[in-house]
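> Before we start, here is the structure in question, set down as structure tokens.
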Amino acid sequence: MHTLPQQLANGLFLGSMYGLIAIGYTMVYGIVQLINFAHGEIFMTGAFGALAVYTNLPSSMSIWAALPLMLVGGAIVSVLIAVGAERFAYRPLRNAPRLAPLITAIGLSLALQQAVFNWYPHATAGKHFPQLPGGPFHIGSVDVQSGDLFLLGAAIVCMIALGVFVRSSRTGRAMQATAQDPDTAKLMGVDTNRIIIIAFAIGGLFAAVAGVAYGLKYGQVKYDIGFQAGLKAFTAAVLGGIGNIYGAMLGGLVLGIAEACATAYIANVPGMEQFGGGAWAQVWAFVLLIVVLLVRPQGLLGERVADRA
Amino acid sequence: MRHRSLLILTSVLATGALTLTACGSRSDDSKKGGDNSSGGSKTTVVIGVDAPLTGANSATGLGIQYGVQIAVDDANAKNLVPGVTFKVKALDDKAQPATGQTNATALVQESDVIAAVGPLNSGVAQSMQQVFESAKMVEISPSNTNPALTQGKDWATGTKTRPFTTYFRTATTDANQGNFAADYAVNTLKKKSAFVVDDKQTYGAGLAGIFQGKFKSLGGKIAGTDHVNTGDTDFSALVTKIKNSHADMVYYGGQYDESELVTKQLKAAGVHIPLMGGDGMYSDTYIKTAGQAAEGDLATSVGVPVETLPAAKTFIDTYKSKGYPGDYGTYGGYSYDAATAIIKAVKTVMDANGGKLPSDARAKLVDAVQKTDFDGIAGHVSFDQYGDTTNKQLTVYQVKGGKWTAVKTGVYNG
Amino acid sequence: MTDLPIAAAEEAVAATATHGNRRTAPFIPLPLTAARATTLAGAVITIASTFMSWTYTTDFPGDLTVSGYPGGLQIMTLIGAILTGVVALGTFGLTGLRWLTPSRTNNGVLLLALATLGTTWYTVIDIAAKLGGLANLDPGGFVAFIGALVLFAGALALPLDRHPEEPADAEYYELGRAEGISAVVRGYAWLREARLHHSELRVPDARKLNRWLQRLVIVVVYALGLKILTFGLATDYSDIFIGYLIVLAVGVWGLSAGGLLKQFQQLTQHNKKFSSTVGVLTAIAYPFAQNNELWANLGASVLIVGTVALGLNIVVGLTGLLDLGYVAFLGVGAYTAALVSGSPFSIWSGTQFPFWAAALAGMGAACVFGVLIGAPTLRLRGDYLAIVTLGFGEIFRIIVRNLDGVSGPKVTNGPNGIAQIPDLSIFGYNLGDTHSVGSFTLGRFANYYLLMLVITIIVVLVFTRAADSRIGRSWIAIREDETAATAMGINGFRVKLVAFALGASLAGLAGTVFAHVTNSVVPDPYVFSGSVPPNSAFLLAAVVLGGMGTVSGPILGAALLYVIPQKLSFLSQYELFAFGIALILIMRFRPEGIIPNRRRQLEFHEDETPAPGNRPMGDDTVPATTAGA
Amino acid sequence: MTALLEVEDLRVAYGKIEAVKGISFSVEAGQVVTLIGTNGAGKTTTLRTLSGLLKPIGGRVRFDGKVLTRVPAHKIVALGLAHSPEGRHIFPRLTIEENLKLGAYLRKDTTGITKDINRAYDLFPILGERRKQAAGTLSGGEQQMLAMGRALMSQPKLLMLDEPSMGLSPIMMQKIMATIVELKAQGTTILLVEQNAQAALSLADQAHVMEIGTIKLSGTGQDLLHDEGVRKTYLGED
């Protein structure tokens, strides 16, 4: 079991990416009770936005100088798409039965994925994404890549910033109010439409950061990375208690670590030899979700539904 | 008043109906006229193509379509079969069995279509075989590698039975490649312990299974096995496992989409052992994406290196100069050979029938294709009693200086 | 806070106080006679144009160079123009043709004129675009172009029943800053003005007709429907198919505006048994009407997908549960059938169940999985079911891929799937062989089409019976308001579980046929979204497009989603993109689907119902119903 | 002098069912006006429409010289119309202080806000003691105090209170009513909706009796308190 620290670290990095994406699901859900199914694709377009910026920068530029610009580029693309989707696709359906926006979201997700597939030059196969130099770093018995460090750092910074924003700012308070009771929030003078837009924008921003981190970590991006990542992040959001931002991050970490450990150790369990490894990791992640929902239906950090009154 | 308007209605409807029938006849007229004007007394024979032309696998699928197209163009230009103009009808199966079956039905329905090339995926082939068999129509796949398609379900135990007489393939089965790779790994590279990974697809799982068996029988040790899912990108858990297994090589059964990430993450974690794979990995994209990490990695591929075959070079030049989309590298050559086999068979059938296409040309073509024997651009083309290619030429390539370089060419026997 | 549009608001309120928004008036102010004359003249010119040559070269699909009789897309224009002309004559009061617009509204004429205009202009523009420039148009093309325009303009000048969303002088809150550009505001206002209104048609009761005449009408309409369907399938080119679609869709809309469809509905409802029998007979006639295996294959596929969509409709449409992994149940059924089919690749290759047993096994297995997935999650909120079913849909594929004896127990033969599934044989009738029935031949796919038809009928019966039963009412109650339903003593969990399990079983049943039709089962098709059915997104879209909670909706939706992409080959790689965009647009503009469930339609459009209401506030005002809930 | 709030022929519908069928009344500055009536009479619907949560299908609302009909809810607050909703609707997972701050959401004067928060704590000392506590943990009466305090935070010209005494113990109810009297004494204009007619009428300047969507009876609070019919129907006397 001396690989355990390494596997935990693997899961931690993977999980913080899930968590970053899950924030978008959970914030939007918390405020409008909408599963923004297209969020995975917003993550993907963020990565491609950053890549487009990088491709157009002079090749002599160092990756460290380019990185902030890439983040900005990815964020602009993701946020614009997220906000545009809210304004033009979801808002007209706000009072429709909940299936309507969900179908819209599925449509949007397909359209975004196919748009990149068809019109981003040569995006049909994996597109090369720049990687951070340096590494691997050895911390105890654990190897860490520089991309992983960026990912972890970004996740920590984003989480703290978001926590401070939601807790202490006036808008953050209005956001919580809208999530808890939108009608009454309006009575306080909160422009709930604006709050919803902000929630989508923050989700988009975090997805873009996750997109850039993804590119840096794996060195390539592809038009279809959004679906898998989105599914995992959505699972993470539910696992952590949908609507709760800390829950989203926790759910992401739990999921990432569970997958890493399932790949590595399930096969060592007597009688389970055939059910281990990468091929079954997703199945175990799913089983974990079911078990958590059975034991704690509101998710790890979720509030009891009754509290929402 | 009442009568008059009824009369109007009736006449209007009658006119409508008449015009409908009239136009029906016209479109037939124009079709015939078109054929006459373009071909004179020539007969048009259509070769169907079924491959994924859109979606994720489209690059490879388009390579099949245009491989056939070039073969047909060459045949028409050289007037290979006098009195016959060949045409291609390409249908998109989107890598879906049901769609492939619909396409097969469509091809069978069209009387001009004499035989078909395709599909790309073994899973799709399973749904098409029966349709072609019922219609006695030849189907040659340039890429299916699942041995069961030609040798029946018990091929592994040596009990081979051919399920469909109309199905042939110019690609070799996984069996040859996997064995050849294992032989090279043990005997040339002197590897002792391999970690085997596959992507749980027909091709990848088959290849990995055969490699594993052969590697063990040659005295190697399997340090571990694992399976991944297509579309996965994070292999860090797998890499840690490989690192911990102290294997001295990794064998990967699958496509470059995943293996390029595996090798990259492997080397980044400081595990500098070569990764070996099959022809699904033998692509420039692999090197481009994996970059420095690909150095020293190996891939087997069927046939001899392209540089040694002038015909293949011409093919690639034509493909590039015409600006066809898609990836000719993987199966373009086999597709060319498959189409050529059909064209040559058409000639045989016609020669036997006094220079004319017989009414049961499709059925006669099955025998003619079975007796195919010529040198194609990817090696010698002929089929054994199961419909498999007899071309067992294989080459091992290695990434050296950012390019695939042939390191061993040979024939696997046994 | 000084920028509130106070003055305009006052006016708006004043305006509503005095009069409602519905009116019957022309858009283009013309005397009635002139408008009628223009309409008829437009129809005549357009009809005449189709007998001329439209273009110089034969390169355009359908060959439009011939003078003397129409061809290709010209036929579409011709049909559109004749229909418009005849219906217009009827609406104008010509005895003998009046029955064509029972409601006496001119809206039908306008929409038919729109259909003609659409298909004609599409053709002309397509010619110019394909062949490079207007120079390729023959005079006939220009005549058609102008004739259709005259026709449409004439129809616009007729008194139309309209229901603008807002009073004429309303101010548009959502335009906000665009108010500076008066053209935008005027255009927007005009578009809102153009909202036709014919939802409350008053038509003479068709049930007063002679009973035998009623039945004759039903038979003729169904036969015509079959003819129209086969005609559309037989179109050779995407271009012609698009023209066909325009005429068909807008034309049917026009006829329904005229009230014909409503009368037909009255007839079918009055003769329920008879019309469903004729419907079934028409469906049986389909493979006989054409001797083409490709179409039979298409028909069988549509029926499979449609039946699965109908099963999903129980879960989604009736009970309101989100199932994003429904395709997995189809897969369970298909794999079960494959395992007991006697295929040499099955682990029980010796076992060959008769079809009825295989079908039951497939249903049973799917039902078990439905309960396994449903039981832990159906107690939770709906969204949790969505994620769990989505996850299940994904891992189903992974699991069957793994069960190959290498990475799991040997059950499904892993990625290679189970191939060489033998054809079904029912009472000695081998569905794989070609059979002669009278002077017709039925090929393999025609056989499967007929088998599938039987299954579809069974599923339709199950669906309607269930929907009308006590449990069906409980489902609808749960969908509408779970809390209230529970308070009324409905055991929400059990009722939902029954719906979920029943839906799963029906998908499993369709899966058993699916396995035999495609000869093999492999893991790959069972994905969430893809360009080809079956996949979960496609099934969901079929249900929603067709109309949730209805019987014919999902089947129609599946047929459209299946056939249209096949015919529009030029979309090829943009097909999925177009599918995505189409989903968004459908949800935006017709969320209740093509065949709306009446209750659902109210629900979707309730914010528009408060009758003489203006929309007084900004977007963010919650309609009374939701806010009060 | 024109009234602060003028409602003219207001009509509101839920789908096709009209809940308010053309009511008219007005509120003068400094007055306490009460709407009484049984459940479903349309009182709450009226208030929700005034504050912009529902859109009317007809009629006109004029507040402080401006027409409210097309104004979104969050801008109505800015005009000086505060609404303490039925069932209190405090934000349960925010602290008491955060709830109060949200009441002053549109205000930018930090010092003024702090002052007003302290004023609310003076008015309701129990809130001051628990200012860092999540509002969901308060008792029903305390939540009502918070809701009223929160509504006052926007410095409204008109305070609308919807059923402030609902579900409270008699002692708590008396406390709340005493607070309303105190607010009235401070000059706050109040539109009060109450089921407890006795208490409401005794402190109202003007009162209106609503029945199934219409105003049946109007008068001063004292008049109605002594009206035979009102006594029978709403005060439970025979």
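> May I ask you to list pairs of residues, at least six apart or on different chains, whose Cβ atoms are under 9 Å apart, with the first in the stretch B:69-86 being within 16 Å of residue B:376 (Cα to Cα) and the second being buried (at least 18 other Cβ atoms within 10 Å of the Cβ) and of a type in the set (Asp, Glu)?
B:71/B:337; B:80/B:74
> Would you check if there is a residue in the stretch B:355-363 being out of contact with any Gly (no Cβ under 8 Å at 6 or more places or on another chain) and part of a strand (DSSP E or B)?
No, because not a single residue in the stretch B:355-363 is out of contact with any Gly (no Cβ under 8 Å at 6 or more places or on another chain) and part of a strand (DSSP E or B).
> If a residue must be under 14 Å from residue D:34 (Cβ atoms) and open to solvent by 50 Å² or more (accessible area, probe 1.4 Å), how many such residues does the stretch D:168-201 contain?
Residues that pass the stated criteria total 4.
> Please find, within the stretch B:106-128, the residue that is nearest to residue B:358 (Cα to Cα) out of those that are buried (at least 24 other Cβ atoms within 10 Å of the Cβ) and not aliphatic (A, V, I, L, M).
In this case the residue turns out to be B:118.
> Let me ask something else. Look through B:180, B:195 and report the one residue that is open to solvent by less than 60 Å² (accessible area, probe 1.4 Å), within 12 Å of another protein chain (Cβ to nearest Cβ), within 26 Å of residue B:221 (Cα to Cα) and hydrophobic (A, V, I, L, M, F, W, C).
B:195
Table: residues versus (1) touching a Phe, Trp or Tyr at 6+ places or on another chain (Cβ under 6 Å); (2) modelled with pLDDT under 90.
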| position | (1), (2) |
| --- | --- |
| B:143 | yes, yes |
| B:177 | no, yes |
| B:180 | yes, no |
| B:194 | yes, no |
| B:198 | no, no |
| B:218 | no, no |
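> Still on this structure, I have one more. Pairs only if they're at least six apart or on different chains, beta carbon under 6 angstrom, first in the stretch B:399-414 and farther than 30 Å from residue B:157 by Cβ, second of a type in the set (Gly, Ala, Ser); list them, first residue then second.
B:399/B:294
> Looking at the structure I just gave you, is residue A:105 part of a helix (DSSP H, G or I) and more than 18 Å from the chain's Cα centre (by Cα)?
no
> Quick one: in the stretch A:154-187, which of the residues that are under 30 Å from residue D:47 (Cβ atoms) and hydroxyl-bearing (Ser, Thr, Tyr) is nearest to the other protein chains (Cβ to nearest Cβ)?
Taking the candidates together, the pick is A:184.
> Which residue is surrounded by the most Cβ atoms within 10 Å (Cβ to Cβ), if the candidates are limited to the stretch B:396-412 and must be modelled with pLDDT under 90 and in contact with a Lys or Arg (Cβ under 7 Å, 6 or more places away or on another chain)?
B:412
> So the check is Cβ under 6 Å with 6+ separation or different chains; which pairs have a first residue in the stretch D:206-233 that's surrounded by 14 or more Cβ atoms within 10 Å (Cβ to Cβ) and a second one that's among the basic types (Lys, Arg)?
D:209/D:216; D:210/D:43; D:213/D:21; D:214/D:21
> Can you pull out the residues in the stretch B:39-75 that are in contact with a Leu (Cβ under 8 Å, 6 or more places away or on another chain), part of a helix (DSSP H, G or I) and away from chain C (no Cβ under 14 Å)?
Answer for the stretch B:39-75, where residues must be in contact with a Leu (Cβ under 8 Å, 6 or more places away or on another chain), part of a helix (DSSP H, G or I) and away from chain C (no Cβ under 14 Å): B:60, B:64, B:74.
> Sticking with this structure for a sec: Name, by its number, the condition in (1) under 27 Å from residue C:377 (Cβ atoms); (2) free of Cβ contacts under 8 Å to residues at least 24 places away in the same chain that does not hold for residue C:572.
(1)
> Going through the stretch C:452-501 one residue at a time, which ones are open to solvent by less than 60 Å² (accessible area, probe 1.4 Å) and not in a helix (DSSP H, G or I)?
C:469, C:490 - these are the residues of the stretch C:452-501 that are open to solvent by less than 60 Å² (accessible area, probe 1.4 Å) and not in a helix (DSSP H, G or I).
> Scan the stretch C:398-427 for residues that are open to solvent by 30 Å² or more (accessible area, probe 1.4 Å) and either facing chain B (nearest Cβ under 8 Å) or under 37 Å from the mean Cα position of the chain (by Cα) (or both) and jot them down.
C:399, C:406, C:416, C:420, C:422, C:423, C:425, C:426, C:427
> Which residue out of A:271, A:219 is farther than 21 Å from residue A:27 by Cβ and surrounded by fewer than 23 Cβ atoms within 10 Å (Cβ to Cβ)?
The match here is A:271.
> On to the next question. From B:378, B:345, B:368, B:339, which residue is of a type in the set (A, V, I, L, M), assigned by TED's automatic domain parsing to the domain that holds residue B:110, more than 30 Å from residue B:58 (Cβ to Cβ) and open to solvent by less than 40 Å² (accessible area, probe 1.4 Å)?
Only one candidate passes the filter, namely B:368.
> Report the residue count in the stretch B:367-413 for those that are under 25 Å from residue B:287 (Cα atoms) and of a type in the set (D, E, K, R).
3
> Here is a follow-up. Any idea which of (1) at the interface with chain C (Cβ under 10 Å from one of its Cβ atoms); (2) assigned to a loop (DSSP other than H, G, I, E, B); (3) not charged (D, E, K, R) is the one residue A:114 doesn't satisfy?
(2)
> Is it the case, given these coordinates, that residue D:110 is within 13 Å of chain A (Cβ to nearest Cβ), of a type in the set (S, T, N, Q), touching a helix residue (DSSP H, G or I) at 6+ places or on another chain (Cβ under 7 Å) and at negative phi?
Spelling it out, it is not the case that residue D:110 is within 13 Å of chain A (Cβ to nearest Cβ), of a type in the set (S, T, N, Q), touching a helix residue (DSSP H, G or I) at 6+ places or on another chain (Cβ under 7 Å) and at negative phi.
> When the residues of the stretch D:38-62 are filtered to those that are within 11 Å of chain C (Cβ to nearest Cβ) and of a type in the set (A, V, I, L, M, F, W, C), which remaining residue is surrounded by the fewest Cβ atoms within 10 Å (Cβ to Cβ)?
Per the criteria, the residue is D:57.
> Being surrounded by 18 or more Cβ atoms within 10 Å (Cβ to Cβ), small (Gly, Ala, Ser) and in contact (Cβ under 8 Å) with a residue 60 or more places away in the chain is the filter here; which residues of the stretch C:257-293 pass it?
Hits for the stretch C:257-293 are C:257, C:258, C:259, C:283.
> Within the stretch C:104-122, how many residues are polar (S, T, N, Q) and either at pLDDT below 90 or more than 18 Å from residue C:64 (Cα to Cα) (or both)?
Matching residues across the stretch C:104-122 total 3.
> Can you report the number of residues in the stretch C:532-575 which are surrounded by 24 or more Cβ atoms within 10 Å (Cβ to Cβ), within 14 Å of chain B (Cβ to nearest Cβ) and not hydrophobic (A, V, I, L, M, F, W, C)?
Residues meeting the conditions: 2.
> Which of the residues that make up the stretch D:130-178 are closer than 24 Å to residue D:108 by Cβ and polar (S, T, N, Q)?
Of everything in the stretch D:130-178, those that are closer than 24 Å to residue D:108 by Cβ and polar (S, T, N, Q) turn out to be D:154, D:155.
> Which members of the stretch D:71-89 meet the condition of being open to solvent by 10 Å² or more (accessible area, probe 1.4 Å) and more than 7 Å from every other protein chain (Cβ to nearest Cβ)?
Listed by number, the residues that qualify are D:86, D:87, D:88.
> Moving on to the next point. Regarding the stretch A:50-65, can at least one residue be identified that is surrounded by 24 or more Cβ atoms within 10 Å (Cβ to Cβ) and under 14 Å from residue A:204 (Cα atoms)?
Yes, the conditions are met somewhere in the stretch A:50-65.
> Out of the residues in the stretch D:1-32 meeting the condition of being surrounded by 16 or more Cβ atoms within 10 Å (Cβ to Cβ) and of a type in the set (Lys, Arg), tell me which one is farthest from the other protein chains (Cβ to nearest Cβ).
D:21
The values are calculated or read from the model by the stated rules, or taken from the named source; none is laboratory data. Every value quoted in this text rests on a predicted model; they were computed, and no experiment measured them. Heads up, the Cβs are rebuilt from the backbone with ideal geometry, glycines too, and the neighbour counts pull from every protein chain shown. Accessible surface is based on the protein model in full, side chains and every heavy atom, while ligands, DNA and RNA are left aside. Shrake-Rupley method; radii C 1.70, N 1.55, O 1.52, S 1.80 Å.
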